[in-house]
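Q: I have a structure here, written as structure tokens, and I will follow up with some questions on it.
The values are calculated or read from the model by the stated rules, or taken from the named source; none is laboratory data. This structure is a prediction, so every number in the text was calculated from the model and none was measured. We place every Cβ from the backbone using ideal geometry, glycine too, and count neighbours over all the protein chains shown. Note: areas computed on protein heavy atoms with side chains; ligands, DNA, RNA excluded. Shrake-Rupley method; radii C 1.70, N 1.55, O 1.52, S 1.80 Å.
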Amino acid sequence: MNIQEFIENFASQFDETELEEFTPETNFKQLDEWSSLAALSIIAMVDDEYDVIIKGNDIINSNTIQDLYDIIEKQK
């Protein structure tokens with residue numbers, strides 16, 4: 001897994017936000033589409049794509065896509 005692949009998978013969970021808006025520095029909680037359902041989609045995507053279990057606290061403690069990526073990388 002690399003950060004660009006993760007960003008593409010992360011972005012695929014959003015219907016209205018363009019891929020170009022997603023970077024490692026994107027504060028995903030500031031996205032208009034961000035919601036508890038989006039968080040659940042991200043948790044499911046990480047489990048399916050990377051076979052890593054993240055928890056709600058992992059998302060709460062992350063601000064950027066890079067933060068979340070780093071958490072996942074540590075668990076692999």
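Q: Residues that are over 15 Å from MET1 (Cα atoms) and either in contact with a Ser or Thr (Cβ under 6 Å, 6 or more places away or on another chain) or open to solvent by 20 Å² or more (accessible area, probe 1.4 Å) (or both), at least 3 per element: which helices (runs of 4 or more DSSP H) completely within the range 12-76 meet that?
A: The qualifying helices (runs of 4 or more DSSP H) are 36-50, 56-60.
Q: Can you give me the number of residues within the range 1-11 that are buried (at least 16 other Cβ atoms within 10 Å of the Cβ) and among the acidic types (Asp, Glu)?
A: The number of residues fulfilling the criteria is 0.
Q: Taking the range 35-67 as the region of interest, how many residues are touching a strand residue (DSSP E or B) at 6+ places or on another chain (Cβ under 9 Å) and not polar (S, T, N, Q)?
A: 1
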